[in-house]
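The values are calculated or read from the model by the stated rules, or taken from the named source; none is laboratory data. Note that this is a predicted model, so its numbers are computed, not measured. With ideal geometry, Cβ positions are generated from the backbone for all residues, glycine too; neighbour counts draw on all protein chains shown.
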Amino acid sequence: MRFFDATLSSGFSIIQASLDLKQKLRRVCLWSIVGLVGGPTALPAMAEVHVTLETTLGNIVIAMDDERAPITTEYFLGYVKRKQYDGATLYRSASIDDDPSPQIVQGGIMAEALNSEGDIQIEQYGAEYLEVIETTKQTGLRHERGAISFARDLLYTGHVIPEIVFCLRDVPAMDAYGRTKPDTRGFPVSGRVVSGMEVIERVTQQALGGATRIPFLEGQVLSEPIVIQKAYILGPDRVALSSDS
């Protein structure tokens, strides 16, 4: 595995410029449809995909913003459809600013990487990187209470990994330009919690005595991680869709 190379950012900028154009075209199409059917002149509602995470502390329902963060949404939903979050865990509770009150909860399929010896090979966890980062500057979304974001590989590549981050309060340091290492792009907010914030808050009440070989995560790992028993996509009527939907 290699360390993050800042020269990759030029390639990312080209990809992300294409993403901006794609999003603008989608909005133009939606505006055209509204005009054709004689609907209201206000912007149409953003497309959302609802996902339920059944945990041992209760259910969390999240809405992924497929309109403003389509690439990250597709990345996440791929893991849901493949049932890779079934049996995953919520394993981290932390504050990353000067306020000691809980700020984020993190979970996903890579908990075992916390104690990996040597370089972490993402493939051994059945995961793959997402190289494109949909920044908060691009999407207009922010790391605020209820926001759903995703972690990045800060040890090697800087790419997005399938570890979900739940925000319990504002986290401006995770927005674009909120930090400088490994770069200024921040983390990709791509959804929000619809229900179950009380479950996430209960995660923060768990003991933090879990082991990790990653120095900056010491004191942030749950002694007993919370299991995500099942994750699935909900249809418009809030009924679970089949895995091949």
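When you scan region 85-102, how many residues do you find that are in a loop (DSSP other than H, G, I, E, B) and under 15 Å from the mean Cα position of the chain (by Cα)?
The qualifying residues number 1.
Can you tell which of Arg142, Arg152 is surrounded by fewer than 20 Cβ atoms within 10 Å (Cβ to Cβ) and either in contact (Cβ under 8 Å) with a residue 24 or more places away in the chain or in contact with a strand residue (DSSP E or B) (Cβ under 6 Å, 6 or more places away or on another chain) (or both)? Break it down into steps so the answer makes sense when it comes.
Numbers: Arg152 fails: surrounded by fewer than 20 Cβ atoms within 10 Å (Cβ to Cβ).
Answer to the selection: Arg142.
Would you say Gly191 is buried (at least 20 other Cβ atoms within 10 Å of the Cβ), at pLDDT 95 or above and farther than 16 Å from Glu163 by Cα?
Details: buried (at least 20 other Cβ atoms within 10 Å of the Cβ): yes; at pLDDT 95 or above: yes; farther than 16 Å from Glu163 by Cα: no.
Judged against the criteria, Gly191 is not a match.
Name the pairs whose Cβ atoms lie under 8 Å apart, with the first residue in region 198-221 and within 14 Å of Thr56 (Cα to Cα), the second modelled with pLDDT of 95 or more and surrounded by fewer than 16 Cβ atoms within 10 Å (Cβ to Cβ), and 6 or more positions between them or separate chains?
What qualifies is Glu198/Gly58; Val199/Gly58; Val199/Asn59; Arg202/Gly58; Gln206/Ser223; Gln206/Glu224.
Can you name the residue in region 153-197 that is closer than 26 Å to Leu77 by Cβ and of a type in the set (Phe, Trp, Tyr) and, of all such residues, is farthest from the chain's Cα centre (by Cα)?
If we take residues in region 153-197 being closer than 26 Å to Leu77 by Cβ and of a type in the set (Phe, Trp, Tyr), then Tyr156 is farthest from the chain's Cα centre (by Cα).
Need the failing condition index for Gly219 against (1) at positive phi; (2) part of a strand (DSSP E or B), just the number.
(2)
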